[in-house]
1. From zero outward in steps of 5 Å, how is the percent of C-alpha pairs of segment B:109-206 spread across the bins?
2. Can you bin segment A:146-193 into rounded, prolate or oblate? Criterion: square roots of the alpha carbon gyration tensor eigenvalues sorted a ≥ b ≥ c, rounded for a/c under 1.5, prolate for a/b above b/c, oblate for the rest.
3. Would you mind computing the Rg to Rh ratio of the protein assembly as shown from its alpha-carbon coordinates, Kirkwood style for Rh?
4. Using Cβ contacts closer than 10 Å as the measure, can you line up A:His103, B:His312 from fewest to most?
5. Top mean-square fluctuation among A:Ala278, A:Ala64, A:Ala151, Gaussian network model of chain A, C-alpha springs under 10 Å?
6. Mean-square fluctuation check for chain B, GNM, Cα pairs under 10 Å: which of B:Leu242, B:Leu65, B:Leu126 is largest?
7. Most fluctuating residue of A:Ala205, A:Ala165, A:Ala37 in a GNM of chain A with Cα springs under 10 Å: which is it?
8. Can you compute the label reach from B:Thr282? Point 7 Å from Cα along the Cβ direction, backbone N cut-off under 17 Å, restricted to segment B:357-383.
Amino acid sequence: MINRLKQASPAVVDGPLALPDKPNGIHEHERVLVLEAGRAERHYWRDLWTYRELFAILAWRDLAVRYKQTAMGVAWALIRPILSMLVFTVLFNRVAKLPSVGHAPYSVMVFAGMLPWFLFSTILADASISLVNNSNLISKVYFPRLIVPSATILVALADFAITFALLILMMAWYRFFPDWRLIFMPFFLVLAILASLGPALYITALNVKYRDFRYIIPFILQFGLYVSPVGFSSTVVPQKWRLLYSLNPVVGVIDGFRWCLLRGESQFYWPGFFLSIAAVVVWLWLGIWYFRKTERTFADLL
Amino acid sequence: MTGDVVIRAEALGKKYLVGHDVQRERYTTLREVITRKVRRLARMGANGFRATMGRGHEVEEFWALKEIDFEIKRGEVVGIIGRNGAGKSTLLKVLSRITEPSEGRVSIKGRVASLLEVGTGFHPELTGRENIYLNGAILGMARAEIRRKFDEIVAFAEVERFLDTPVKRYSSGMHVRLAFSVAAHLEPEILIVDEVLAVGDAAFQEKCIGKMNAVAKSDGRTVLFVSHNMSVVQHLCSRAALIRAGRITASGGTASIVATYLSDVRQESRVSLVDWADRNTTGEARITKLEVGDDAAGNRITFGQDFRFRIHATFKEPFADPSFGLMIHDTTGVPLANVHTVHQGMRLGKVDGNIVVDGVIPKLNLYPGRYFLSPWICNSTASRDVDFPRMCAELNIIPAPGPHGDLLLDPTWGKYFLASEWKLTQSH
């Protein structure tokens, strides 16, 4: 699979397509790459595919560095969800007396919601600074820039796996195990990644252009944590606001996770879920569109 | 026109926008944008619509490249030379797709690899082995390809014993050797190289140049090569192009282009060396000026006379036992002689602040003609450059009246006048 990189050289446009006016000297049957102002990359997505190995190796690098530097890498992935879970349980259940979903223990419910939330926030936070952190690559080598923020997904997934293992331990403690609905988790996981990717790409591109944008990101994430149903169940939202509330793409993702992890104790709110999916799609489109629009100038800005 | 053109640039141009109040900074901050908007809004409120017609934010166009046209054929090794800021790097960036041209077009036939820096993407926390794979992938090598050449890469870099050591523990020499070694094993059809040979110690540089030579001469490989080292350019390239202020001002045989470049450069910066770009420097000290010959004579001295020079330099902080020297090159950049304080067994003690060093070469016997000079500052053993502005001054040796006239000292017959003794014996 790797050898193909050599044969199908990256971003090579077929001769006749690229040179309709046939300039002298360049054989039409050979592949010719044409660089021109504002020329849309015809084979952007194929390019992305040929560079998949770079994607893998950048993701592997981030992962290796993260877990090599200190034991803190792993510890951080453990401490953060446990502390948040404790705070939320005390705050929302004990103090605010909010109900859990069905018979599920409150802390398990919080944890099931935190799983996708931390995935979302890690991807958003890591991706947004990824281009600036890799500016030496961007200014010295060509590759589809989309690879860099996307590669952060893998690190986020590694943290996700650790948090998930914690959840299983907790479920064992409460003797509350998921049922067959668990098989839908991969679907919701993909949805969670897509939901993160859209806003992440948008913010990543903004962060290249406005270098102080990164100071706003922790604020966005902090705010998002409280407006998303992480510490509480989305059922506590009054029915008339529920649809509007689902405009937040994370809502549908968290509801989905709770549904498949908590034996369906969490009821599915279909109209809201579809709205969330629509929001995910719109964000994803917006993110990719804005990223690609600005991508060509990244090297000049970094 | 032959059908073997692999790179063709047509009316290529690259424009940057330079904002006046942001002082050439490339990115903006949101804060700036917001304050600007608010200010403009406030002004609008105060002056009505008049203000909107004023110039809120002045932006000027800067053409880093303009009307660049060239063709490169398969198998050619082309040197691109020019001063810093002339547009060489921008050209390479456009050709390697890092940045997009603003006008014109480039057609490229074949797989391109660009090497604008050695060790792009090296991560200090990863081991040498891991970095080879990482760097290789970044440069566009497939994993199987790297695996195949792995031993060769390691052997070339001479880091076998440290493969599993994190790169942060490498010496700077090892770091650079490994980085270059990965890059040197790229096998694209078109290779774009920017000033990467100036790495490592002298012995390794020699090895790099040899490797580059092998790469350049191998079958059908097309190489575009930017360097400040004129002797390397002359050694490697069959053709050269000179870039000045974003335009190609001359192109042709390497030797003549190099000569044009070198004489250009010297004329532009006779006064101060503070901003001289082509230099090896650690930043600990900076040569600010080189005075050559007597003031009145400019940079000219008469053949056979004492050659006096004066180096002005500034040390940032106290430096123990620096050494000073002066290298003399011919017009193609080949060094002819190197005089320095270490040769003379001098120890200069602790040096700090602004200093002046006077030197003299008694009875300089170089043939009349033009030469270039590189003053330098090194550590006590002259093994590490502290500041080395290359070929930053010119020396003109004019013929002396008398027996060694112009005719007898033709520079095409030699460079040095050596005193000699002769005796004729007639055998019977």
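1. 2, 14, 26, 26, 20, 8, 2, 1, 0
2. It is oblate, given that a/c is not under 1.5 and a/b is not larger than b/c.
3. Rounded to two decimals, Rg over Rh is 1.07.
4. Values: A:His103 9, B:His312 18.
Fewest to most other Cβ atoms nearby, the residues stand as A:His103, B:His312.
5. A:Ala64
6. In this elastic network of chain B, the residue with the biggest mean-square fluctuation among B:Leu242, B:Leu65, B:Leu126 is B:Leu126.
7. Of the options given, A:Ala37 has the highest mean-square fluctuation.
8. The answer is B:376-383.
Values quoted throughout were computed directly from the atomic coordinates according to the rules given, and no laboratory measurement underlies them. From a predicted model like this one, the values you see are computed outputs, not experimental measurements. Cβ sites come from the backbone with ideal geometry, for glycine too, and all protein chains shown count toward neighbours.
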